[in-house]
Amino acid sequence: MLSLVSFMIVPVLILLTVALAIKKKVNGYDKFLLGVKEGMSLFKEVFPTLIAMVSAVAILRGSGLITDIGDLLKSVFNVNGEFVELVPMILFRPISGSASMTVFNSICVNNGADSFLCRTSAIIQGSTDTTLYVLSLYFSSIGVTKWKHSLKAGLIADAVGILIGVALSIIFFGF
């Protein structure tokens with residue numbers, strides 16, 4: 001039953017849109033083309049920012065910098081080796097949702113879905129946002145150029161979310 005509903009939802013929405021356009025006597029095709037033109041102009045504004053973000057994530061992952069930072073944290077803070085696996089998640093989460101989701105998936109696959117690290121990663125994923133992505137993409141699309149304070153607030157919120165996420169994991173799931 002559910003698969004039938006999910007299979008039919010898009011055609012039903014299209015038919016409802018066409019019926020509503022006919023009822024309101026609006027040229028739906030012209031409105032559709034106008035929407036596509038606006039979408040394309042927005043795409044042209046946003047595309048360079050997207051390419052820059054994707055390139056930065058690829059460079060960080062490919063260079064091995066994430067592993068080096070993890071090793072540095074391990075030696076400086078004398079933390080358990082397990083916490084080092086969270087470093088890529090912590091670094092990628094403010095940059096890219098898809099990159100952090102990839103890291104989250106690898107943590108859960110490597111350690112198990114019920115592991116401490118997977119649960120901690122899930123809490124971090126849910127309690128933080130892709131701050132740099134949001135600022136660069138959405139602010140550039142509306143022409144905001146001064147976002148210094150927004151960046152500070154977003155990164156502080158991410159840091160608080162990460163710290164509280166780790167603390168909640170320790171409290172509720174033990175270490």
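When 123, 170 are checked against the criterion of being of a type in the set (Val, Ile, Thr), at pLDDT 90 or above and over 27 Å from residue 48 (Cβ atoms), 123 stands alone in meeting it. Among the residues making up the stretch 106-164, those that are in contact with an Asp or Glu (Cβ under 6 Å, 6 or more places away or on another chain) and within 22 Å of residue 46 (Cα to Cα) are 131, 141.
Do the conditions hold for residue 26, that is, is it aliphatic (A, V, I, L, M) and not in a helix (DSSP H, G or I)? Please lay out each step first, then the result.
Values: aliphatic (A, V, I, L, M): yes; not in a helix (DSSP H, G or I): yes.
So residue 26 fits the description; yes.
Answer yes or no: is there a residue in the stretch 17-24 that is among the hydroxyl-bearing types (Ser, Thr, Tyr) and modelled with pLDDT of 80 or more. Checked the stretch 17-24: at least one residue is among the hydroxyl-bearing types (Ser, Thr, Tyr) and modelled with pLDDT of 80 or more. Among the candidates 163, 137, 60, the residue that is in a helix (DSSP H, G or I) and open to solvent by 50 Å² or more (accessible area, probe 1.4 Å) is uniquely 163. Within the stretch 20-47, residues that are among the small types (Gly, Ala, Ser) have Cβ atoms under 8 Å from residues that are not in a helix (DSSP H, G or I) in these pairs: 21/27, counting only partners at least 6 apart in sequence or on another chain. Considering only residues in the stretch 140-160 that are among the small types (Gly, Ala, Ser) and assigned to a helix (DSSP H, G or I), the one that is farthest from residue 94 (Cα to Cα) turns out to be 141.
Residues that are in contact with a Ser or Thr (Cβ under 8 Å, 6 or more places away or on another chain) and at pLDDT below 90 within the stretch 142-164 comprise just one, 151. When 75, 121, 106 are screened for being out of contact with any Phe, Trp or Tyr (no Cβ under 6 Å at 6 or more places or on another chain), open to solvent by less than 60 Å² (accessible area, probe 1.4 Å) and assigned to a helix (DSSP H, G or I), only 106 passes. Looking at the stretch 89-100, can you tell me whether even one residue there is over 20 Å from the mean Cα position of the chain (by Cα) and open to solvent by 70 Å² or more (accessible area, probe 1.4 Å)? No, the stretch 89-100 has no match at all. Checking 136, 98 one by one, the residue that is in contact with a Ser or Thr (Cβ under 8 Å, 6 or more places away or on another chain), modelled with pLDDT under 85 and polar (S, T, N, Q) is 136 and no other.
Apart from one condition, residue 44 fits all of (1) charged (D, E, K, R); (2) assigned to a helix (DSSP H, G or I); (3) at pLDDT 85 or above; the exception is (3). In the set (1) open to solvent by less than 90 Å² (accessible area, probe 1.4 Å); (2) over 17 Å from residue 95 (Cβ atoms), the condition left unmet by residue 44 is number (1).
The values are calculated or read from the model by the stated rules, or taken from the named source; none is laboratory data. Everything numeric here is computed off the predicted structure, so don't read it as measured data. Every residue, glycine as well, gets a Cβ built from its backbone with ideal geometry; the counts of neighbours run over all protein chains shown. These accessible areas exclude ligands, DNA and RNA; they are computed on the full protein's heavy atoms, side chains included. Shrake-Rupley method; radii C 1.70, N 1.55, O 1.52, S 1.80 Å.
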